[in-house]
1. If you build a Gaussian network model of the chain, linking Cα atoms that sit under 10 Å apart, which residue out of Thr88, Thr38, Thr100 swings the most?
2. Among Asp121, Asp84, what is the fewest-to-most ranking by other Cβ atoms within 10 Å?
3. If you place +1 on the Cβ of every Lys and Arg and -1 on the Cβ of every Asp and Glu, how big does the dipole about the Cα centre of the range 48-122 come out, in debye to the nearest 20?
4. Using the Kirkwood radius built from alpha carbon pairs, what does the Stokes-Einstein equation give as D for the range 48-122 at 10 °C and 1.306 mPa s, in µm² per second?
5. Place a +1 charge on the Cβ of each Lys and Arg in the chain and a -1 charge on the Cβ of each Asp and Glu, then give the dipole magnitude about the Cα centre in debye, rounded to the nearest 20.
6. Among Lys52, Lys97, Lys17, which one shows the highest mean-square fluctuation when the chain is modelled as a Gaussian network with alpha-carbon springs under 10 Å?
7. Note the full-extension length gain between Gln41 and Asp55 as 0.36 nm times their separation in residues minus their Cα-Cα distance, in nm to one decimal.
8. Extension gain Lys97-Gln5, at 0.36 nm per residue separation less the Cα-Cα distance, in nm?
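Only the coordinates and a few stated rules stand behind these numbers; no lab work does. Computed from a predicted structure; not experimentally measured. Note that each Cβ is placed from the backbone with ideal geometry, even for glycine, and that neighbours are counted across all protein chains shown.
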Amino acid sequence: MKPIQCAGCKREGKIWKRVKGDGYCQSCSKSLSSKKQTIKQPLRQRSAKKVKLDDQYSKLRRQFLLDHPVCQAHLPGCSQASTDVHHTQGRGKNYLKVDTWVSLCRACHKTIEENPDLGRDLGMVEQRW
């Protein structure tokens, strides 16, 4: 049998596999897949339901911060201007419940998040059950 040039590496030798009329040696044929190559789509970061909830939340949050422009905690290092919305009962079921929100500056919000006992003493953190 006459040696034939491989379509992949261009070396002469035995043909191991043919694909669409081209011959490939054994090492090049391993890189070819007999299955169709599928392009994997990346997973969506948020579901359609979560996108709608987040849109509602953004509108409510914007209005809440306009209605409550001053930080409600006044802890040491407070900047007085509210920039964050703190959820006193967590964000789960209460994500859109405005009556469980408190407007805080970033420094006070960070302090309350890092010290939940202090938050409970100030009435900024409630039991979640």
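1. Thr38
2. Asp121, Asp84
3. 460 debye
4. D = 124 µm²/s.
5. Around 1780 debye, computed over the chain.
6. In the Gaussian network model the winner is Lys17.
7. Roughly 2.6 nm would be gained on extension.
8. Full extension of this stretch gives 25.9 nm more.
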